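See below for the structure under consideration.
Every number in this text was worked out from the coordinates using simple rules, so none of it is lab data. Since this is a predicted model, take the numbers as computed values, not measurements. Every residue, glycine among them, receives a Cβ derived from its backbone with ideal geometry; neighbour counts consider all protein chains shown.
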Amino acid sequence: MRQSNAYIIIFTAVMTVIVGGLLSLASQGLAPAQKKSIELDTKTQILSSVTDREKLSAMKPNEILEMYDEHIKSTVVDYSGNEVTKDEKGADIQAENVDVLKNYKKKPEDRLYPVFKYRKDPSSKEVYAYILPIYGSGLWDKIWGFAAIENDLNTIAGVSFDHKGETPGLGARIATPQIQQRYVGKKIFNEQGNLVSVSMLKGEGHTNISDHEVDGMSGATLTGKGVNAMLKNYLSCYKAYFEKLNSGEVANL
Amino acid sequence: MSTETLEQKKDAVEVKPAEALFSKRRKRLVSDPLSEDNPITVQVLGICSALAVTVKIQPTLIMAIAVTFVIAASNLIISLIRNLVPNRIRIIVQLAVIATLVTLVSEVLKAYSYDMYKVLGAFVGLIITNCIVMGRLEAFAMANKPYDSVLDGLGSGFGYAWVILAVAFFRELFGSGSILDFKIFEAIGWSNFPTNGLMVDSIGAFMVLGILIWVQRSKTGYVEH
């Protein structure tokens, strides 16, 4: 009986129903917790571009979310620098919910650009840094992160990078504070007022590094090139927004 | 009439003393895979994940727990349904059970330990193809009782766990100069300890694993035929 075709078909059908039901139950049941984890992860990454990482990693999840709510105000802008509050269907857009990867696949003109405004003192009206999500390709796979630009819209207050599959010990170093620290205080505009971004040099151990360059990573030149392209691409996409901020056409807070 | 036959049957059944919960045979089920029949060093199974996740101890520990859980639980499930599974599709059934458990582990990790989920990512999913799991189902759980199968699964899981943890210990120590992210060499005042980039690469894992297999086999006297 156990070898008959009918038995096999019934057995498989029952198994499929049980397995499928179990998995969809688990997926439904765990969805809220997963959403919370992802939200916490994103917010931690946003904050880590302007805050001390060790302090951040010592904080409890709730404290991080609280700190985020106190210090960060977010908005979404389009390619020409205008604020966007509704999508095509008329639904409200939340900067935290904008999927940077999905937007990365669109043409630059069609993308939504989230901006996270960080205030050092929650009660003040002054923005300390504009935190911008960035996205690009490394050597093996996607790389992404956040670049925080100070309120002079020129100086880098900090960056945080992450990656999917860069070589451990080589390109994967972009995710370490050691590399990211190199970007602090660098300038993205040159004296003529052109956006030149900040590029990572080839090779490591350079001295006399200019305001638009950072020391490279030995053995990871291609990852460095990916980071350079990512920074330059995204900063130039936010250029119109910077100009409008400077001229006062859009409110800075 | 009917009661008579029942009584007769009762007499006929020989009362066997129940096997102790941790009898010698059952202890061997757990202890054999730790050394003499180790899945990694002797059977050379599950090498792929042993190379991939052992850069640092913490993710390795999570991986070890995940694999042990999957082996023990799938052994239990397969052993419970072993008399119902049609022989011709038994491999598919085993795979379905493993895949379900692995997906559950992966979803739970994503919900409650997102950092580890990011680090381990695809490798948790690849437990499905870990030959140790399927090997135990086919070789043991299909022919043994549930409790024994769980013990066998735990044994294989622990055997896998200690080997990858040992590899991870040496890789993190020499590759990153730390143990569980604690900078051990800085703590003892050797701040410029030269970390070895090779150890962070998979090649380092091959070397550590090779030495480990050598030491372990020369101890147990196992020789490939």
Inset, instruction - Calculate how large, on average over all directions, the projected area of the Cα convex hull of region B:30-220 is; give the answer in nm² to one decimal. - result: 11.6
Legend entry - Pairwise centroid distance, computed over Cα atoms, of region A:207-253 with region A:119-172, Å: 9
Inset, instruction - Would you work out if region A:87-227 is rounded, prolate or oblate? Take a ≥ b ≥ c from the square roots of the eigenvalues of the alpha-carbon gyration tensor; rounded if a/c is under 1.5, else prolate when a/b is larger than b/c, oblate otherwise. - result: oblate
Legend entry - Principal semi-axes in Å for region A:149-240 [√(5λ), Cα gyration tensor, largest first]: 22, 14, 12
Inset, instruction - Apply the Debye scattering formula to chain A, with a single equal point scatterer on each alpha-carbon and no solvent, then give log10 I(q)/I(0) at q = 0.11 Å⁻¹. - result: -0.65
Inset, instruction - Provide B:R136, A:R119 in ascending order of the number of other Cβ atoms located within 10 Å of each residue's Cβ, fewest first. - result: A:R119, B:R136
Legend entry - Cβ-derived FRET efficiency at R0 56 Å, B:S23 paired with A:Q181, nearest 0.05: 0.40
Legend entry - Cα-based radius of gyration of the protein assembly as shown once divided by 2.2 N^0.38 Å, which approximates compact folds: 1.25
Legend entry - Quarter of the Cα convex hull surface for region A:1-42, i.e. its orientation-mean projected area (nm²): 3.7
Legend entry - Rg to Rh quotient for region A:184-226, alpha carbon positions, Kirkwood Rh: 1.01
Inset, instruction - List, in order, the whole-Hz ³J(HN,Hα) value for each residue of region A:219-229 obtained from phi through the Karplus relation with A = 6.51, B = -1.76, C = 1.60 and θ = phi - 60°; use x for Gly and Pro. - result: x, 9, 4, 6, 4, x, 4, x, 5, 4, 5
Inset, instruction - Specify the residue with the greatest mean-square fluctuation among B:V133, B:V108, B:V55, computed from a Gaussian network of chain B linking alpha-carbon atoms under 10 Å apart. - result: B:V108
Legend entry - Among A:V100, A:S49, A:S124 - extreme Cα towards positive end, dipole of chain A, charges at beta-carbon: A:V100
Legend entry - Backbone HN-Hα couplings from phi across region B:60-73 [Karplus 6.51/-1.76/1.60, Hz, Gly and Pro as x]: 4, 4, 4, 4, 4, 5, 4, 5, 4, 4, 5, 5, 5, 5
Inset, instruction - For region B:104-198, state the average projected area of the convex hull of the C-alpha atoms over all orientations, rounded to one decimal in nm². - result: 8.3
Legend entry - Loop trypsin sites (Lys or Arg not before Pro), region A:1-83 (other Cβ atoms within 10 Å of the site Cβ: 15 or fewer; DSSP): A:R2
Legend entry - Whole-Hz ³J(HN,Hα) from phi, Karplus 6.51 cos²θ - 1.76 cosθ + 1.60, for region A:206-215, glycine and proline x: 5, 10, 6, 8, 6, 6, 10, 10, 10, 4
Legend entry - Exercise: per-residue mean of other protein chain Cβ atoms within 10 Å, A:28-39: 4
Legend entry - Sites matching GluC sites (Glu not before Pro) across region A:138-229 that sit in DSSP coil, with at most 10 neighbouring C-beta atoms within 10 Å: A:E191
Legend entry - Gaussian network model of chain B, Cα within-10 Å springs - most flexible of B:E107, B:E186, B:E172: B:E186
Legend entry - For region A:38-139: rounded, prolate or oblate by the Cα gyration tensor [a/c cutoff 1.5]: prolate
Inset, instruction - Mind checking A:82-89 for the average number of partner chain beta-carbons within 10 Å of each residue's beta-carbon? - result: 0
Inset, instruction - Could you list which residues have their amide H under 5 Å from that of A:K117, counting only those 5 or more apart in sequence or on another chain, with H placed in the peptide plane? - result: A:K73, A:S74, A:T75, A:I131
Inset, instruction - Would you look at the GNM of chain A, springs on alpha carbons closer than 10 Å, and say which of A:I188, A:I18, A:I174 moves the most? - result: A:I18
